[in-house]
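Visitor: My structure is below; once you've seen it, I'll send some questions.
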Amino acid sequence: MAQEGEKMDNGTQTVLNDCPFCGCEATLEESSIFPMQYAVICNRATCAAMGPKENTEEEAIAAWNRRTPEPPRVTKKRFCEIIDSLRAADDTRRKVNAIFQRSCDHIENDFMNAAALQINHEGIVAELLALAMGYEGDTLEWWLWECDYGRKFKLGSFAEADGTAIDVSTAKRLYEYLKKERIV
């Protein structure tokens, strides 16, 4: 039986992750009941976590080292609340812009835009949401600005590599897509 850091007969390195429950070291063991079955077991007696039984050492190590992805750091509810807040801020900006434009119609100026008077924080919020979701890509920004917070989203405008349409028409559906595509 190979120990951590040793090479197996086939030359692959045996690197065992620590126990996902207690953080202690683990050992690869062959079953005493079922020969040619292997499992990784936590070395801490009070924990005794055990990985699934596999037919090879490599499979047992791979199964032990495989971890469920960490859940997103932002809930769907909070994600939708943030999107709704950004949308409301955008609506307010548009209203203020319209009022500002009407009051300044007699002045020719290319800079009569209330948005220019505000600090634009949407990009920072979008970046923080993407980081909290563990997502790397520009879909969130595309949805916010190109699709105008989903208002202009058309089914078929966003698709898988094989052409299958992806529905991100609402903040909830966008969240589900980002959660599925995140990189941990």
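The values are calculated or read from the model by the stated rules, or taken from the named source; none is laboratory data. Computed from a predicted model, the values in this text were never measured in an experiment. Backbone-built Cβ (ideal geometry, glycine too); neighbour counts: all protein chains shown.
Visitor: Of all residues in the range 147-165, which are in contact with a strand residue (DSSP E or B) (Cβ under 8 Å, 6 or more places away or on another chain) and either within 22 Å of A88 (Cβ to Cβ) or surrounded by fewer than 18 Cβ atoms within 10 Å (Cβ to Cβ) (or both)?
Guide: Passing the criteria: L155, G156, A159, A165.
Visitor: Yes or no: E54 modelled with pLDDT of 80 or more and under 30 Å from Q37 (Cβ atoms)?
Guide: yes
Visitor: Which residue pairs have Cβ atoms closer than 9 Å, lie 6 or more positions apart in sequence or on different chains, and pair a first residue in the range 151-180 that is touching a residue at least 60 places away in the same chain (Cβ under 8 Å) with a second residue that is of a type in the set (D, E) and part of a helix (DSSP H, G or I)?
Guide: Pairs found: A171/E81; A171/D84.
Visitor: Another question, then. Name the single residue, out of those in the range 25-51 being β-branched (V, I, T), modelled with pLDDT of 90 or more and surrounded by fewer than 19 Cβ atoms within 10 Å (Cβ to Cβ), that is farthest from V15 (Cα to Cα).
Guide: Ranking the qualifying residues of the range 25-51, first place goes to I41.
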